[in-house]
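J.: Got a structure here, written out as structure tokens. Questions coming.
The values are calculated or read from the model by the stated rules, or taken from the named source; none is laboratory data. No experiment lies behind these values; they were computed from the predicted model shown. We place every Cβ from the backbone using ideal geometry, glycine too, and count neighbours over all the protein chains shown.
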Amino acid sequence: MSIDAKLVKDLRERTGAGMMDCKAALIESNGDLDLAIEALRKSGIAKAEKKSVRDAKEGLIVSYIHHGNKLGVLLDIGCETDFVAKTEGFQDLANNIAMQIAATNPMAVSEDDMPSDVVDKEREIYTDQAKSSGKPDDVLEKIVDGKVKKFVEENCLLNQSFVKDPDVKISQLVQEAIATLGENITINRFVRFALGEKS
């Protein structure tokens, strides 16, 4: 089956995948663009793990202003090349993550970035709450660990459930984009501004 070069170009612009990968995906999907995108995503997930160690020095600073102009986000998101930064797939990911930050107000990008004093303070509060229940110490410890884990999940961006699809974590969303676009992607930092809130 011969594939129109314009279709290959279109798929490449939408996904950032290599020319030969795009052509192969289009042949496999009989020229169906949506099926080709899905095929690229599936084949790329395994490759995504290997790419996560590569430098992501290009990318975008994305701004998102919520309806009503009372809430805004600035997001620094990285990829490896300027080409991928300009793709629709990368820009969609960046916008989705900026909207996620606006909606959920995370405290950190990942668990590693979470201030230890904040986690320790939460653990202390949960421990005091659990002690008043009168349960045995080994049970209390499990209860406290569970609450701390939930607190970290809710407050670290990568651990959060995606607001548009709660079955998907933000880390999975990023991994899928790495698989589709063929480059490492990093969420470097973000700032969320809400009118009247002090930082």
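J.: If I filter the stretch 123-144 down to residues being part of a helix (DSSP H, G or I) and hydroxyl-bearing (Ser, Thr, Tyr), which single residue comes out as farthest from Leu75 (Cα to Cα)?
T.: Here the answer is Thr127.
J.: Collect the residues in the stretch 60-102 that are within 14 Å of the chain's Cα centre (by Cα) and of a type in the set (Gly, Ala, Ser), keeping them in residue-number order.
T.: Within the stretch 60-102, Gly78, Gly89, Ala94, Ala98, Ala102 qualify.
J.: I need the full set of residues from the stretch 178-192 which are crowded, with 16+ Cβ neighbours inside 10 Å and modelled with pLDDT of 90 or more, in order please. Walk me through how you get there before you give the answer.
T.: Let us first name the residues in the stretch 178-192 that are crowded, with 16+ Cβ neighbours inside 10 Å, namely 178-187, 190, 192.
Listed by number, the residues that qualify are Ile185, Thr186, Ile187, Phe190, Arg192.
J.: What are the residues in the stretch 147-199 that are without any contact (Cβ under 8 Å) to a residue 40 or more places away in the chain and in contact with a Phe, Trp or Tyr (Cβ under 9 Å, 6 or more places away or on another chain), if any?
T.: Lys147, Val148, Phe151, Val168, Lys169, Gln172, Ser199
J.: From (1) hydroxyl-bearing (Ser, Thr, Tyr); (2) surrounded by fewer than 20 Cβ atoms within 10 Å (Cβ to Cβ); (3) modelled with pLDDT under 80, pick out the condition that doesn't hold for Thr15.
T.: Looking at each condition in turn, Thr15 falls short on (2).
J.: From the list Asp76, Asp120, Asp167, pick out the single residue that is surrounded by fewer than 18 Cβ atoms within 10 Å (Cβ to Cβ), among the charged types (D, E, K, R) and either assigned to a helix (DSSP H, G or I) or touching a helix residue (DSSP H, G or I) at 6+ places or on another chain (Cβ under 9 Å) (or both).
T.: Unique residue meeting the criteria: Asp120.
J.: I'd like the full set of residues that are of a type in the set (Asp, Glu) and surrounded by 11 or more Cβ atoms within 10 Å (Cβ to Cβ), limited to the stretch 128-153. Before the answer, list the steps.
T.: Let us first name the residues in the stretch 128-153 that are of a type in the set (Asp, Glu), namely 128, 137-138, 141, 145, 153.
Result: Glu141, Asp145, Glu153.
J.: State the number of residues belonging to the stretch 185-199 that are in a loop (DSSP other than H, G, I, E, B) and under 12 Å from the mean Cα position of the chain (by Cα).
T.: Number satisfying all stated conditions: 1.
J.: Quickly run through the stretch 92-111 and pick out the residues that are without any contact (Cβ under 8 Å) to a residue 40 or more places away in the chain and closer than 13 Å to Ile187 by Cα. Even if it seems obvious, please write down each step before you answer.
T.: Going through the stretch 92-111, the residues without any contact (Cβ under 8 Å) to a residue 40 or more places away in the chain turn out to be 92, 94-95.
Ala94, Asn95, listed by residue number.
J.: Do the conditions hold for Gly89, that is, is it under 18 Å from Ser63 (Cα atoms) and in contact with a Gly (Cβ under 7 Å, 6 or more places away or on another chain)? Let's see the steps before the verdict.
T.: Working: under 18 Å from Ser63 (Cα atoms): yes; in contact with a Gly (Cβ under 7 Å, 6 or more places away or on another chain): yes.
Criteria met by Gly89.
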